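The values are calculated or read from the model by the stated rules, or taken from the named source; none is laboratory data. Note that this is a predicted model, so its numbers are computed, not measured. Glycine gets a Cβ as well: all are built from the backbone with ideal geometry, and neighbour counts include every protein chain shown.
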Amino acid sequence: MSKLAIKGGVPIRSRPFPRWPRISEYDLKFIAEALKNSSWYRGMGNTRNEVDEFEELFIKRHSLGYGIGVVNGTAALNLAMQVLDLEPGSEILVTPYTYVASAFCILKAGLKPIFVDIDEDTYNIDSIQIEKAITSQTRGVVLVHFGGQPVDFDRIMPIVQKNNLKVIEDCAHAHGAEWRGKPVGSWGDIACFSFHAAKNLTCGEGGFIGTTDLKLYKKCWSQHNMGREKGGDWDKYYELGENLRFSPISASLLLSQYQNFEQLQNLRNQNITYFRKLLKEIPFLKPLVEDDRVTKHGLHIFICRYYSEKFYGIPRHRFLAAIQAEGIHCYAGYKKPLYYSSPLKEFYRECPVAEKACAKEAIWFEQSFFLGTKEDIDDIFNAICKIQNNYKEIVANYNFEL
């Protein structure tokens, strides 16, 4: 048995995984054309440019009636909460196992975040806990499709409809994902997407807000463009707003990236399917459950649950140190649930499953790991097997206390 790299042995992998974001000649061509032909800014919506073109494409892909490109996903979430016009102090349910913008948008709108625990099999918000958390003050729920897997709409939608709750879908991880053939974003009142550099569809920074409600769309348009009306005069303002306009240059990059989006998603899916089969041999790593009703997964993060009790009591952080030394840079993800963040501490509500995921269970593999070949996936698996076979090197003379 070869010595573990963390103990001075030769690592399984020394070459990098596929680069992300990917750059192609299409990207350069689309951007060059936008630089030459576009006005470089969105303006009042009177003249068609790359932003309009991308919006139409993305609206169609997600079965939305309307949509607007904005500067980033956080701006989309903030805008979504503002246009719902909920009574100050109203309660909005949200998972604590998500990026902070999913909860900050609630606070910024003068509302109260109520944290709801996650399902241990999917790390999505737990539908049973949603029902338990609803009070007379509850007015909405943020549904985060974590890692790219849609939430359980079959169980959640009857609950929100029964209680007349607004649904804000956070689709930052879930471009193109579908539940029973219906795209994410089209289930709720309003949907938010991110095109950050880490996302599966990216322009570096960017976002999108979509809805099937014309009234909400008009409010979003106005508030993202300084309170103006679409197609109206540049110096007439009808409500408070800000400049969240999306750049045609960024939109041109998204148009280019979208050319290969489905192809890359298929490649990720093939490699993840292969990895899942290999992991059946590893008792201490269990991938999150992929629900059969998910007809398309967003494939943004591949997450495993780590069971130290099935691996000689070796804690997660020690396993991660060993596998990272082998050249496989997976990591633990969120360090703590959101209610430990300073601005959210007053809304503390213990969520045991999320606590466990953060403290000792979750292991994240980035989507770019799965853009290569089966040999790349074999390297990940071989590193895991090497650690499994040499576990005594980790156990010996090691204090497991953090």
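Exactly one residue out of E355, E281 is of a type in the set (D, E, K, R) and in a helix (DSSP H, G or I): that is E355.
Checked against (1) under 30 Å from W221 (Cβ atoms); (2) not in a loop (DSSP other than H, G, I, E, B), L28 meets all criteria but (1).
Scanning segment 213-236 for residues that are loosely packed, with under 14 Cβ neighbours inside 10 Å, hydrophobic (A, V, I, L, M, F, W, C) and farther than 13 Å from V83 by Cβ yields a single hit, W234. Taking segment 19-36 only, how many residues are closer than 30 Å to K386 by Cα and exposed (fewer than 14 other Cβ atoms within 10 Å of the Cβ)? Qualifying residue count, segment 19-36: 1.
Report whether or not R293 is crowded, with 20+ Cβ neighbours inside 10 Å and among the charged types (D, E, K, R). The answer is no for R293. Filtering F246, F302 for residues that are surrounded by 21 or more Cβ atoms within 10 Å (Cβ to Cβ) and closer than 26 Å to A332 by Cα leaves a single hit, F302. Of the candidates A80, A75, the single residue that is closer than 30 Å to S136 by Cβ and among the small types (G, A, S) is A80.
The C-beta contact set for segment 167-190 (first residue more than 18 Å from K60 (Cβ to Cβ) and touching a residue at least 24 places away in the same chain (Cβ under 8 Å), second residue aromatic (F, W, Y) and assigned to a strand (DSSP E or B), distance under 7 angstrom, 6+ apart or interchain) comprises A172/F193. Within segment 227-239, residues that are touching a residue at least 40 places away in the same chain (Cβ under 8 Å) reach partners that are of a type in the set (D, E) and part of a loop (DSSP other than H, G, I, E, B) with beta carbons closer than 9 Å, at six or more positions or on different chains, in the pairs R228/D235. Among the residues here, S39 does not qualify as among the hydroxyl-bearing types (S, T, Y), part of a loop (DSSP other than H, G, I, E, B), surrounded by 14 or more Cβ atoms within 10 Å (Cβ to Cβ) and assigned by TED's automatic domain parsing to the domain that holds M226. Would you confirm, using the coordinates I've provided, whether L299 is of a type outside the set (S, T, N, Q), on the phi > 0 side of the Ramachandran plot and not assigned by TED's automatic domain parsing to the domain that holds F208? Judged against the criteria, L299 is a match. In segment 203-216, the condition of being within 20 Å of the chain's Cα centre (by Cα), in a strand (DSSP E or B), of a type in the set (A, V, I, L, M, F, W, C) and under 18 Å from E290 (Cβ atoms) is met by no residue. Scanning segment 360-377 for residues that are in contact (Cβ under 8 Å) with a residue 12 or more places away in the chain and assigned to a helix (DSSP H, G or I) yields K360, E361, Q367, S368, F369, F370, K374, D376, I377.
So that you can scan it fast, the table gives a plain yes or no per residue for (1) under 25 Å from V151 (Cα atoms); (2) within 19 Å of the chain's Cα centre (by Cα):
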| site | (1), (2) |
| --- | --- |
| T295 | yes, yes |
| G298 | yes, yes |
| I301 | yes, yes |
| P315 | no, no |
| A322 | no, no |
| A332 | yes, yes |
| K345 | no, no |
| E350 | yes, no |
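Scanning segment 130-161 for residues that are surrounded by fewer than 22 Cβ atoms within 10 Å (Cβ to Cβ) and either assigned to a strand (DSSP E or B) or in contact with a helix residue (DSSP H, G or I) (Cβ under 9 Å, 6 or more places away or on another chain) (or both) gives E131, I134, T138, R139, D152, D154, R155, I159. Contact annotation: no residue pair with Cβ atoms under 8 Å, 6 or more positions apart or on different chains, pairs a residue in segment 88-109 that is assigned by TED's automatic domain parsing to the domain that holds I303 and over 13 Å from I168 (Cβ atoms) with a partner that is of a type in the set (K, R) and in a helix (DSSP H, G or I).
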